[in-house]
Amino acid sequence: YSSLTSRRDPKYLSVGSQDQGYQRGVVGTPGGPGPYVDLPQLISGDYGHLSSSDGSHDIIYSDYPGFVLVQEGEENPTLHTVDFPSGFSGQWLPYMTADPTDKKAFYLCGAKLWRYLKQSNDWAPTQHTTHDFGGTLSSLAFSPIDPQRAWCCTTGGDIFYSTDGAVTWTKSADWGPGAHYFYGTSIVPSAWNVDEVWIAGSGYSNPPVRYSSDGGVTWKNRSQNLPSTLAYCLVEGPDGSGSMYLGTQSGAWEWDPVAKGWNDILGADGPLTLYWSVEAVPSLNTIRFSTYGRGV
């Protein structure tokens, strides 16, 4: 479901999967026809939405249906669990993300937006906003330029934007794509322009990818050349070129910012399967995809 490479030391790779649990490995040198990374399982189960505040593995958050798994320590990690709030209502693997301003805090999306903060040796939840979103939240993202700027969406496709750290919200004028039925959608604010943001999700009866250049007030179709399919994940290229990378039900794609369209990048070597997670690893000049059943 998800992978996270350490920004501090990119040889460390953590992975959340279905049934095969939470895994952690040390990346070697690519080569040969088979796997070159051993990913020992640290705990069994289903884990998704891996994130950390600063990109390191000092503290990684991910979730299982019913609790949040916390990895602490980049080189000699320990694991412990944090329960969902009492009476929590949300997706099976609800969207969650680390707080970009505090590595000891994270957000959990459900019918309400919750923020957890580490107090003593445990994390305690508080309801972060009283805003009524009219549905279940399926994604949340903060601008890497200004963390006071935030965007979220519901499973039904309603999009909201905030300018005060996700406390107060305004509904966008346009609809976004619907969510995967148990995992959510993907929102990616640009690291180069604070008003640019992308969203990806279900595309069977509407565009799977939409784009805003005015901070989320209005949205445009950015699905040119894509099949009518479900988009699982999206990431911005780290070089400032405007390239985007997308994982879908039908393969992996790259956005050409000049031609304004998506190109299939599987070539002859990429397995034709579902691409569930994608991340940028700037120090390796790499875009790392995770597939559903065919590895990373």
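Residues that are open to solvent by 80 Å² or more (accessible area, probe 1.4 Å) and within 23 Å of residue 180 (Cβ to Cβ) within the stretch 99-130 comprise just one, 112.
Open to solvent by less than 10 Å² (accessible area, probe 1.4 Å) and among the hydrophobic types (A, V, I, L, M, F, W, C) - does that describe any residue in the stretch 52-67? Among the residues of the stretch 52-67, at least one is open to solvent by less than 10 Å² (accessible area, probe 1.4 Å) and among the hydrophobic types (A, V, I, L, M, F, W, C), which makes the answer yes. Filtering the stretch 282-296 to residues that are over 17 Å from residue 254 (Cβ atoms) and among the basic types (Lys, Arg) leaves only 294. Residues in the stretch 163-185 that are within 17 Å of residue 100 (Cα to Cα) and buried (at least 22 other Cβ atoms within 10 Å of the Cβ): 166 alone. Taking the stretch 144-162 as the range and being under 14 Å from the mean Cα position of the chain (by Cα) and surrounded by fewer than 22 Cβ atoms within 10 Å (Cβ to Cβ) as the test, only 144 passes.
So which residues in the stretch 209-267 are of a type in the set (Phe, Trp, Tyr) and within 20 Å of residue 174 (Cα to Cα), if there are any at all? Give the derivation first.
Here is the first cut: in the stretch 209-267, the residues of a type in the set (Phe, Trp, Tyr) are 211, 219, 232, 245, 253, 255, 262.
Correct list: 211, 219.
Cβ-Cβ distances below 6 Å connect the following pairs, each with a first residue in the stretch 59-70 that is on the phi < 0 side of the Ramachandran plot, a second residue that is among the β-branched types (Val, Ile, Thr) and open to solvent by 10 Å² or more (accessible area, probe 1.4 Å), and a separation of six or more residues or different chains: 67/81; 69/81. Can you confirm whether residue 296 is hydrophobic (A, V, I, L, M, F, W, C), in contact with a Ser or Thr (Cβ under 9 Å, 6 or more places away or on another chain) and open to solvent by 70 Å² or more (accessible area, probe 1.4 Å)? In short, yes.
Anything in the stretch 246-277 that is assigned to a strand (DSSP E or B), free of Cβ contacts under 8 Å to residues at least 60 places away in the same chain and within 18 Å of residue 180 (Cα to Cα)? List them, or say none.
Narrowing the stretch 246-277 to residues assigned to a strand (DSSP E or B): 246-248, 251-256, 261-264, 275-277.
Adding the requirement that they be free of Cβ contacts under 8 Å to residues at least 60 places away in the same chain leaves 246-248, 251-256, 261-264, 275.
Listed by number, the residues that qualify are 246, 247, 248, 251, 252, 275.
Scanning the stretch 224-246 for residues that are more than 19 Å from the chain's Cα centre (by Cα) and of a type in the set (Gly, Ala, Ser) yields a total of 3.
Being outside any strand (DSSP E or B) and either among the small types (Gly, Ala, Ser) or open to solvent by less than 20 Å² (accessible area, probe 1.4 Å) (or both) is the filter here, so list the residues in the stretch 278-293 that pass it. Of everything in the stretch 278-293, those that are outside any strand (DSSP E or B) and either among the small types (Gly, Ala, Ser) or open to solvent by less than 20 Å² (accessible area, probe 1.4 Å) (or both) turn out to be 283, 293. Going by the structure shown, is residue 53 within 19 Å of residue 289 (Cα to Cα), within 20 Å of the chain's Cα centre (by Cα) and not charged (D, E, K, R)? When the stated conditions are applied, residue 53 does not pass them. The residues of the stretch 72-98 that are within 13 Å of residue 118 (Cα to Cα) and crowded, with 21+ Cβ neighbours inside 10 Å amount to a single one, 98.
Kindly provide the set of residues from the stretch 74-113 that are of a type in the set (S, T, N, Q) and within 16 Å of the chain's Cα centre (by Cα), ordered by number. Explain how you work it out, then say what you get.
Step one: list which residues in the stretch 74-113 are of a type in the set (S, T, N, Q), which gives 76, 78, 81, 86, 89, 91, 97, 101.
Scanning the stretch 74-113 gives 91, 97.
The values are calculated or read from the model by the stated rules, or taken from the named source; none is laboratory data. For clarity, every value in this text was computed on a predicted model and none was experimentally measured. Positions of Cβ are backbone-derived with ideal geometry, glycine not excepted, and every protein chain shown enters the neighbour counts. Areas reflect the complete protein model, heavy atoms only, side chains present, ligands, DNA and RNA absent. Shrake-Rupley method; radii C 1.70, N 1.55, O 1.52, S 1.80 Å.
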